[in-house]
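**Student:** Have a look at this one before I ask anything.
The values are calculated or read from the model by the stated rules, or taken from the named source; none is laboratory data. Note that the coordinates shown come from a computational prediction; the quantities given were computed from them, not determined experimentally. Surface accessibility is based on the protein's heavy atoms, side chains included, excluding ligands, DNA and RNA. Shrake-Rupley method; radii C 1.70, N 1.55, O 1.52, S 1.80 Å.
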Amino acid sequence: ATLYAVGVPLVDWRNPLGPTWSYVLSNHDGITLIDTGVPGSLPTLEDGLHQLDISLSDVKKIVITHGHLDHDGTAPLINKKVGAQIVAHEVYTNLLNADLYRGDRRPGEQHSDHWDQQSQAFADSIQQLQELKKEMKVTRSVVEGDRVDDLTFYHAPGHSPDELCILFDDILFTGDHV
């Protein structure tokens, strides 16, 4: 198996963080992506894949470490375009149709105005993501200790209730855990 990393920028998102890393695993089962980046970043991901002589149509599986838009933001679009299987924690499956970015706020509730400060392009991309997620089906829901191909999954809630750490050989993918 061969492992690559493609840095996917946070397109249209006013955020000081660096890129999301999309990991590309090439093995006998084909191409697996671990995380895909924010909505709107698919052209950059495709460019990175092209540099590796990989086409988007070669992607057979997408593994989602957790359901935050910088990790699963292009997964529904890739799934729709090429029919890639989706692998995620069972909690992610249960949250697929939840509107995590536009929840109702109670009067007087303290909240960050982070989402209110985003660009219209970013707001539009979130709306598109929510619509695409309604059509997306998780092919394989995983729980603690499950194995899919060469990957072993560990449930690591904290940053997100559906957070997964994924072991491949002696490499641990941690999503947003540090």
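**Student:** If we keep just the residues of segment 2-55 that are at pLDDT below 90 and hydrophobic (A, V, I, L, M, F, W, C), which is nearest to Val87 (Cα to Cα)?
**Tutor:** Among them, the one singled out is Val38.
**Student:** Also, quick follow-up: Would you confirm whether or not segment 48-56 contains a residue that is open to solvent by less than 40 Å² (accessible area, probe 1.4 Å) and under 22 Å from Asp146 (Cα atoms)?
**Tutor:** Within segment 48-56 (the criterion being open to solvent by less than 40 Å² (accessible area, probe 1.4 Å) and under 22 Å from Asp146 (Cα atoms)), the answer is no, since none of the residues qualifies.
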